[in-house]
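Everything below concerns the one structure shown next.
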Amino acid sequence: MAAAIKKVGVIGSGQMGNGIAHVCALGGFDVVLNDVSADRLKAAMATINGNLSRQIAKKIITEDTRKQALARITATETLEGLADCDLVIETAVEKEDVKRKIFHELCATLKPEAIVASNTSSISITRLAASTDRPERFIGIHFMNPVPVMELVELIRGIATDDATFETAKAFVTKLGKQIAVSEDFPAFIVNRILLPMINEAIYTLYEGVGNVEAIDMAMKLGAHHPMGPLELADFIGLDTCLSIMQVLHEGLADSKYRPCPLLVKYVEAGWLGRKTHRGFYDYRGDKPVPTR
């Protein structure tokens, strides 16, 4: 029987974590947002408040709804603060060893019936589940970025995920007002299996001098009606995340078509990770973004 979820923990208060906390609070769930630093938590709460205010301006929600949503969110710097959650969603960096360490520590404090989920965009749910004490109550719940705006959530069962966990996760995502795509547990799932090789190909197109940054992005925006060009999108996602996902695809499927473009590797080595570091395929340090190639 699918259990009802009332309290949701979110590990990591970055772009994805604060977005998930935002939609959960709007969905009527009590939310505990966890991060190791008080400053990051403060910044996340400010971001959530700003995004809720933006939804008021667009007449999506009311001022009352904003206040109620904010009142449902509490912050904690320890994993012990998540002990009484019914569901905990991890949104840490896309590195398997980091996620495993978090799950190991988290499971020690959680009640046995709690469900653990990862917002990973590419790593094997079966492998992550195996590093916990509850593989049957472990599932992939992959939100798209920016979470408050994007309608889709990918649900990924590991080999051990039981039916009750899957049904509970489905009911939870539906209550958030999101649409569900169910993916098998293969590297990068559905969205990133298709999207990231396209971005990687756009970077190869730049690397080989077929077109410059501006031409490539304009071509896909005006020629394929993409809302954002692939290089602009890569900067938005974070070039380190793009590289991680391409590496997971390349290692997991062992096909040369998933080889990360050397130019992507070079940008990441330079620390030019896109918007978050103010430089990537565009330079964001001025009034408007300027192509770096």
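The values are calculated or read from the model by the stated rules, or taken from the named source; none is laboratory data. Keep in mind the model is a prediction, meaning the values are calculated, not measured. Backbone-built Cβ (ideal geometry, glycine too); neighbour counts: all protein chains shown.
Residue 76 fulfils the conditions (1) under 20 Å from residue 142 (Cβ atoms); (2) of a type in the set (S, T, N, Q); (3) modelled with pLDDT of 95 or more except for a single criterion, (1). Of all residues in region 213-242, which are surrounded by fewer than 23 Cβ atoms within 10 Å (Cβ to Cβ), of a type in the set (D, E, K, R) and within 20 Å of the chain's Cα centre (by Cα)? Matches in region 213-242: 240 only.
Each row is one residue, and each column tells you yes or no for (1) in contact with a Ser or Thr (Cβ under 7 Å, 6 or more places away or on another chain); (2) farther than 26 Å from residue 152 by Cβ; (3) crowded, with 18+ Cβ neighbours inside 10 Å.
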site	(1), (2), (3)
10	yes, no, yes
28	no, no, no
42	no, yes, no
76	no, yes, no
87	no, no, yes
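Starting from residues that are among the small types (Gly, Ala, Ser) and without any contact (Cβ under 8 Å) to a residue 24 or more places away in the chain, keep the ones in region 265-293 and report whichever is surrounded by the fewest Cβ atoms within 10 Å (Cβ to Cβ). In this case the residue turns out to be 286. Criterion applied to 185, 163 was being exposed (fewer than 14 other Cβ atoms within 10 Å of the Cβ) and acidic (Asp, Glu), and the one residue passing it is 163.
Residue check: is residue 38 in the same structural domain as residue 168 (by TED's automatic domain parsing), of a type in the set (A, V, I, L, M), surrounded by fewer than 18 Cβ atoms within 10 Å (Cβ to Cβ) and under 14 Å from residue 70 (Cα atoms)? I'd like the intermediate steps shown before the answer.
Numbers: in the same structural domain as residue 168 (by TED's automatic domain parsing): yes; of a type in the set (A, V, I, L, M): yes; surrounded by fewer than 18 Cβ atoms within 10 Å (Cβ to Cβ): yes; under 14 Å from residue 70 (Cα atoms): no.
No: the conditions fail for residue 38.
Spot the failing condition for residue 210; the list is (1) buried (at least 21 other Cβ atoms within 10 Å of the Cβ); (2) more than 14 Å from the chain's Cα centre (by Cα), and only one is missed. Of (1) buried (at least 21 other Cβ atoms within 10 Å of the Cβ); (2) more than 14 Å from the chain's Cα centre (by Cα), only one is false for residue 210: (1). Would a scan of region 254-265 turn up a residue that is closer than 30 Å to residue 30 by Cβ and not β-branched (Val, Ile, Thr)? No; the residues of region 254-265 include none that is closer than 30 Å to residue 30 by Cβ and not β-branched (Val, Ile, Thr).
Screening residue 174 with (1) hydroxyl-bearing (Ser, Thr, Tyr); (2) surrounded by 14 or more Cβ atoms within 10 Å (Cβ to Cβ); (3) within 21 Å of residue 22 (Cα to Cα) gives one miss only, at (2). In this structure, residue 250 does not satisfy being out of contact with any Gly (no Cβ under 8 Å at 6 or more places or on another chain) and under 20 Å from residue 145 (Cα atoms).
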